[in-house]
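Each value in this text was obtained by applying a stated rule to the coordinates, not by laboratory testing. Computed from a predicted structure; not experimentally measured. Backbone-built Cβ (ideal geometry, glycine too); neighbour counts: all protein chains shown.
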Amino acid sequence: MADDSEGLTREAMTPHLSGRLFAAERYHFHPRLDSTNQQALSMGQSGAPEGTLVVADAQTRGRGRLGRSWCSPAGENLYFSMLLRPPLPVHQAPRLTLVAGLATLEALRSAGVPGVLKWPNDVLVSGRKLAGILTEMATEGERIRHVVVGIGVNVNGTAQAFPPEVASRAVTMADILQRKLHRQELLTALLAAWEHWYDCFLTDGFEPVRMAWRSQALLEGQRVRIETSSETLDAWLEDLDGDGFLLARTTDGERFRVLAGDVVLI
Ligand code: BTN
């Protein structure tokens with residue numbers, strides 16, 4: 001397949017932006033950006049509305065969770081960020097990461113890729129990372145001023161071409177399906193799935209999201225190492241609680257709740 005970045009321009013995407021949230025006038029494509037999250041955060045600061053979408057063909061400083069970088073070569077993958085202004089208290093913002101995971105997984109499945117979710121923000125296939133989500137926000141007292149949900153999906157190319165420290169832990173859709181995919185189709189499916197689950201969350205609350213998320217996730221019985229800012233623990237995963245936090249049990253049988261941290265599969 002020739003470079004399909006033309007399919008990501010505003011002109012090409014316009015017919016696919018007819019839902020409630022996304023629209024052509026709020027869609028911003030850049031051949032190259034430092035980070036779509038950074039751009040969407042600045043636009044949020046300048047008053048851009050809910051549903052503003054920033055898409056890039058390449059990122060020079062793609063950001064991952066916990067200060068990591070996100071490998072973002074041109075012509076191959078999806079990198080985009082959604083600017084949102086949900087009427088939610090700040091403590092509920094991390095749930096948007098779970099909503100995004102569910103939407104991403106659903107879109108990947110519709111393209112024929114069998115993935116699973118790993119708390120809080122990963123889509124994995126055979127233990128390797130296919131997609132990641134980074135949620136960042138600006139607050140105003142106890143309310144969210146704006147929040148940016150950024151999604152990166154490894155689509156075409158091969159993970160073997162990533163830097164060595166990433167290559168062994170990553171995978172692309174093309175690696176799995178042995179063919180290249182149209183990024184426009186995938187982005188369209190992802191935006192539709194996001195809109196569905198975001199509406200569901202805002203209308204019906206977190207419980208339907210939680211039920212769907214936990215049915216698609218690596219959870220009960222999964223052996224992991226959990227790294228928080230204060231400690232590293234070997235544990236068994238148990239469940240996702242009603243606030244979106246992870247419930248786990250140490251190898252000594254003590255139950256605990258993970259509010260933030262990194263979960264490494266063992
Ligand atoms: C992670 O798994 O650590 C999160 C990765 C998130 C990457 C995406 S790519 C689009 C958006 N812009 C960024 O700078 N990061 C997110």
Checking K129, K118, K180 against a Gaussian network model of the chain (alpha-carbon springs below 10 Å), the top fluctuating residue turns out to be K180
For the chain, what is the mean residue ellipticity at 222 nm derived from helices alone (per DSSP H run of n ≥ 4: -39500 (n - 2.57); sum divided by total residues; nearest 500 deg cm²/dmol)?
-8000 deg cm²/dmol
For S215, project a label point 7 Å along Cα to C-beta. Then give me every residue of region 71-112 with its amide nitrogen under 19 Å of that point.
98-112
Can you tell me how much longer the chain between S46 and T60 gets when fully stretched, taken as 0.36 nm per residue apart minus their C-alpha distance, in nm with one decimal?
2.8 nm
Most fluctuating of T52, T232, T104 in the GNM of the chain (C-alpha, under 10 Å) is T232
How many angstrom lie between the Cα centre of region 137-165 and the Cα centre of region 12-30?
19
Mind checking region 185-257 for GluC sites (Glu not before Pro) that DSSP puts in a loop (not H, G, I, E or B) and that have at most 10 other Cβ atoms within 10 Å?
E231, E254
In nm, give the distance between the simple-model label positions of E185 and W236, each being 7 Å from the Cα along the Cα-to-Cβ direction.
4.2
Global geometry of the chain, whether rounded, prolate or oblate, following the gyration tensor of its Cα atoms and the 1.5 cut on a/c:
oblate
Which residue, G141, G64, G112, tops the fluctuation ranking in a GNM of the chain built on C-alpha contacts under 10 Å?
G141
Full-extension gain in nm, E142 to T203, via 0.36 nm per residue minus C-alpha separation:
19.9 nm
Simple spin-label estimate for E6/R32, 7 Å along Cα→Cβ, in nm, reads 2.1
Cα centroid of region 166-220 to Cα centroid of region 108-123, whole Å
5
Theoretical gain in end-to-end length, H196 to D243 [0.36 nm per residue, Cα-Cα removed]:
14.9 nm
